[in-house]
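The values are calculated or read from the model by the stated rules, or taken from the named source; none is laboratory data. Remember, predicted model here, so these are calculated numbers, not experimental data. Positions of Cβ are backbone-derived with ideal geometry, glycine not excepted, and every protein chain shown enters the neighbour counts.
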Amino acid sequence: MRQWGRIALGVALAVVMVLGMCPAWGLAEEGVEVASGGEGQAMQPQDTSENDDIQLEPQYADVVEVTIRGIEPPQEPQCYGDLVVALRLLNTTDYPNRTVTLKLVNDTTVTQDYYDASQFFSLQQANTTIDLNGCTANMTDHELKVANRYTGPTLTITDTAGGGVLDACYILVDAYAYESFDSIPGNLVIRGGTINGCVKLSRSHYGQRRAECLMTDGTITNKNSAMENGVGVDVGGDYASTFAMAGGSVTGCVGGGVTVGANGTLKVSGTPVVTGNVRDGRACNVYLPAGKTIAVADTLADGAHIGVTTETKPTADSSVVFTSGFGEHNPGVDPARFFASDDPGYYVALEGGEAVLKPHTHAWQWEASGNVLTVTCANEHCTAESGNVQTLTLVAEDKTYDGGPVGATTQASAGWEATGTAAGGVAYYAGGKQLAAAPRDAGAYEARVTVSAAGTPYELVAPFSIKKAPLTVAARDNAVTFGEAPAGAGVTYSGFAASEGKQVLSGTLAYDFGGCQAGSPIGTYPITPSGLWAPNYEISYRAGTLTVCASYSCPVTAVAHVQRKGTLATSTGVGKVVGTTGSSLRLESLHLSLCGQQLPGGIEYRAHVQRIGWQGWVADGALAGTQGKSRRVEAFQMRLAGQMAQSYDIYYRVHAQRYGWMAWAKNGQGAGTQGKSLRIEAIQVAVVRKGSPAPGKTYNGVTQTYAKAFVKK
């Protein structure tokens, strides 16, 4: 018994429920009797006294549990890998009289080509339920066949979780059987999920057989014109077949919703919906050949809506009856409550207790208001699916300038063509004057279109605007030496439309320096640009920073990382103390960079670190030392690069453990100690122009306490 449970189905299925064994009972419980032709006898419920719960191998994650009732499982099963071959295995002719329910637990795709004389799937033995369970089973345009070879099985499709899809699937409900089983039908029950494909009933091979389908919920759609010409449900064939709808919907089919053949029957009750289907670009929901009707088997309820196309067309002298049993089950009810003509030239009426199609002549009335022309049919019984009120709307949406033209359009409702109203081309106006083309520039405009209806012109007007695009002009940072006049370094632009640049701007670029002038104190000042204009841009300005540097020095920006204090606040200046003194805290790392330099070049430096020694040179804000390793910096070397090295000297001194403030080092010399395991606690750095006085022993409030800059063991 457990050996059967190790079948490697490899598909997302699990058995969780048991389908009733009697197709005739299963169809009748929804209030729609689908047995047709009067031949044969109804199936009797199978014996389901046995239960076998079979656990599958854990490596087949898609298959959780399979419950099979009423059989002894095969002893040497084969190993299969998709939905169809799994179903075929569970429906082998050697094991009749059982009920199987398969529940998807993952999305799955049928990959092997099984549609040939021996490999197409034919449900012949077991009553089977496929529970989509919110998953997608991609059938890759293959056939799923329900045939009545021996016992007349029923295939039920349901979706307990909602959102499940049986995709790209051709379901054939066949009456394939031998002569001795003429009266047994093939059955399909649809109780939920979406079937994206075609359901075809009856393709008989022998004798007088029938194929039956009951739909109580779910959706059938077919957007693939290559699959059975895009038909949703094909009811017919050589012999009798029945499609019974007590609910659910057939919609979105490109080759017609439900096509009823000469030997097919469509039965309805409850809340069936067959709308939104087309054929050859025109509405075609239920197609009835000459002499065929829709069998109303019970009461229709609110929510039912069925579009109808008949092969026979009504005339002024002759209506076309398209229902049977309507008045019997829905006495005194207007059939237009549930049925509509696919062709707006006809309407639905009640005659002799049945729904009929009668010819309708529209009597259109027009009314223009703003950008909408409303056309209403004043004649009674205008019940076309698209409605007796049609609209044409002139749409011109506001936009932000992007360099391209506005494109106003007219949007018509679904049945607009039936009104016989033609719209001219769109014209554009500014200030009451017509433009030669659609506008591109910012401003207020109108789109206008003239509609000719029964010789009367109607003008639709849609105001719209093109807003100015935001453009940001940002000043670049700059620096001057003390005593020099402030100056800008240019601007950057962001927000131009494609292919446009500063050439579209007018005016003269000017700068405001926030009160800074020649001789203003050392420090930073805003650089605010102004003076530009463009018709299609809303310009905003972003200030930059002007740094006034000392005439003999270049400020240095330093960021230090200190024991227990972490990273200290950024320090910018000349000879500022970076780090701590009097707290016995080691300096662990340092970032240095020049601020507002006037010449190309930068600053380079390296650190002598505990247990590491001299590190490699780094430059311009990079890390020297370590962080997160609790290691002291013991010495530094610093130097300038590029033209800065040609015009400036860099001086630096450290506050070292046991030595205090040591002497100044210069241009790459060592500062601190080496081989003594002593920490640096603080540092001063000054960049001064060559020829300027060197920093003294007392500088920025700090006094030297040791005569040497560097001590090596």
Being in contact with a Leu (Cβ under 6 Å, 6 or more places away or on another chain), within 22 Å of residue 660 (Cβ to Cβ), in contact (Cβ under 8 Å) with a residue 60 or more places away in the chain and not aromatic (Phe, Trp, Tyr), is that true of even one residue in the range 610-618? no
What is the residue count in the range 247-259 for residues that are surrounded by fewer than 24 Cβ atoms within 10 Å (Cβ to Cβ) and of a type in the set (A, V, I, L, M)? 1
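Taking the condition surrounded by 14 or more Cβ atoms within 10 Å (Cβ to Cβ), polar (S, T, N, Q) and farther than 30 Å from residue 687 by Cα, does residue 478 pass?
Working: surrounded by 14 or more Cβ atoms within 10 Å (Cβ to Cβ): yes; polar (S, T, N, Q): yes; farther than 30 Å from residue 687 by Cα: no.
Taking the combined requirement at face value, the residue does not satisfy it.
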Please identify the pairs in which a residue from the range 134-146 that is touching a residue at least 40 places away in the same chain (Cβ under 8 Å) and more than 10 Å from residue 167 (Cα to Cα) has its Cβ atom under 8 Å from the Cβ atom of a residue that is buried (at least 23 other Cβ atoms within 10 Å of the Cβ) and of a type in the set (S, T, N, Q), counting only partners at least 6 apart or on another chain. 146/154; 146/187
If you take the residues of the range 209-235 that are in contact with an Asp or Glu (Cβ under 8 Å, 6 or more places away or on another chain) and closer than 17 Å to residue 249 by Cα, which of them is surrounded by the fewest Cβ atoms within 10 Å (Cβ to Cβ)? 218
Working only within the range 452-465, note down all residues that are farther than 14 Å from residue 426 by Cα and either crowded, with 19+ Cβ neighbours inside 10 Å or at pLDDT 95 or above (or both). 453, 465
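Here is a check on your reading of the model: is residue 321 of a type outside the set (D, E, K, R), in contact with a Phe, Trp or Tyr (Cβ under 9 Å, 6 or more places away or on another chain) and not assigned by TED's automatic domain parsing to the domain that holds residue 214?
Details: of a type outside the set (D, E, K, R): yes; in contact with a Phe, Trp or Tyr (Cβ under 9 Å, 6 or more places away or on another chain): no; not assigned by TED's automatic domain parsing to the domain that holds residue 214: yes.
The answer is no for residue 321.
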Give the residue that is surrounded by the fewest Cβ atoms within 10 Å (Cβ to Cβ), with candidates limited to residues of the range 374-409 that are in contact with a Ser or Thr (Cβ under 7 Å, 6 or more places away or on another chain), at pLDDT 90 or above and in a loop (DSSP other than H, G, I, E, B). 398
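Here's the yes/no breakdown for (1) over 60 Å from the mean Cα position of the chain (by Cα); (2) among the aliphatic types (A, V, I, L, M):
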{"residue": "637", "(1), (2)": "no, no"}
{"residue": "654", "(1), (2)": "yes, yes"}
{"residue": "658", "(1), (2)": "yes, no"}
{"residue": "663", "(1), (2)": "yes, yes"}
{"residue": "668", "(1), (2)": "no, no"}
{"residue": "678", "(1), (2)": "yes, yes"}
{"residue": "699", "(1), (2)": "yes, no"}
{"residue": "705", "(1), (2)": "yes, no"}
{"residue": "709", "(1), (2)": "yes, yes"}
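If you check residue 273 against the conditions, is it in contact with a strand residue (DSSP E or B) (Cβ under 6 Å, 6 or more places away or on another chain), assigned by TED's automatic domain parsing to the domain that holds residue 260 and at pLDDT 95 or above?
When the stated conditions are applied, residue 273 passes them.
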Looking only at the range 606-629, how many residues end up being within 52 Å of the chain's Cα centre (by Cα) and of a type in the set (Phe, Trp, Tyr)? 1
Among residues belonging to the range 494-535 that are in a loop (DSSP other than H, G, I, E, B), in contact with a Gly (Cβ under 8 Å, 6 or more places away or on another chain) and of a type outside the set (A, V, I, L, M, F, W, C), point out the one that is surrounded by the fewest Cβ atoms within 10 Å (Cβ to Cβ). 499
Here is a list of conditions, (1) on the phi > 0 side of the Ramachandran plot; (2) over 45 Å from the mean Cα position of the chain (by Cα), and residue 303 meets all of them except one; can you say which number that is? (2)
Every listed condition ((1) hydroxyl-bearing (Ser, Thr, Tyr); (2) crowded, with 19+ Cβ neighbours inside 10 Å; (3) in contact with an Asp or Glu (Cβ under 6 Å, 6 or more places away or on another chain)) holds for residue 545 save (2)
For the range 139-178, give me the residue count where each residue is modelled with pLDDT under 80, of a type outside the set (A, V, I, L, M) and in contact with a Leu (Cβ under 8 Å, 6 or more places away or on another chain). 4
Residue list for the range 429-463, restricted to those being among the small types (Gly, Ala, Ser), over 38 Å from the mean Cα position of the chain (by Cα) and assigned to a strand (DSSP E or B): 430, 452, 453
Only one of these conditions is not met by residue 266: (1) in contact (Cβ under 8 Å) with a residue 40 or more places away in the chain; (2) closer than 15 Å to residue 215 by Cβ. Which number is it? (1)
Looking only at the range 648-672, how many residues end up being in contact (Cβ under 8 Å) with a residue 40 or more places away in the chain and not hydrophobic (A, V, I, L, M, F, W, C)? 11
In this structure, does residue 299 turn out to be over 19 Å from residue 249 (Cβ atoms), surrounded by fewer than 20 Cβ atoms within 10 Å (Cβ to Cβ), outside the structural domain of residue 233 (by TED's automatic domain parsing) and not charged (D, E, K, R)? no
Among residues belonging to the range 505-524 that are modelled with pLDDT of 95 or more and of a type in the set (A, V, I, L, M), point out the one that is nearest to residue 574 (Cα to Cα). 510
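Name the residues in the range 330-357 that are among the aromatic types (Phe, Trp, Tyr) and at pLDDT below 90, would you?
Filtering the range 330-357 down to residues among the aromatic types (Phe, Trp, Tyr) leaves 338-339, 346-347.
Those that are among the aromatic types (Phe, Trp, Tyr) and at pLDDT below 90: 346, 347.
Go through the range 337-357 and give me each residue that's crowded, with 18+ Cβ neighbours inside 10 Å and either over 42 Å from the mean Cα position of the chain (by Cα) or free of Cβ contacts under 8 Å to residues at least 24 places away in the same chain (or both). I'd like the intermediate steps shown before the answer.
Kept after step one, since they are crowded, with 18+ Cβ neighbours inside 10 Å, are these residues of the range 337-357: 338-344, 346-349, 354-357.
The answer is 349, 354, 355, 356, 357.
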Which one is farthest from residue 534 (Cα to Cα), of the residues in the range 410-451 that are surrounded by fewer than 13 Cβ atoms within 10 Å (Cβ to Cβ) and of a type in the set (S, T, N, Q)? 411
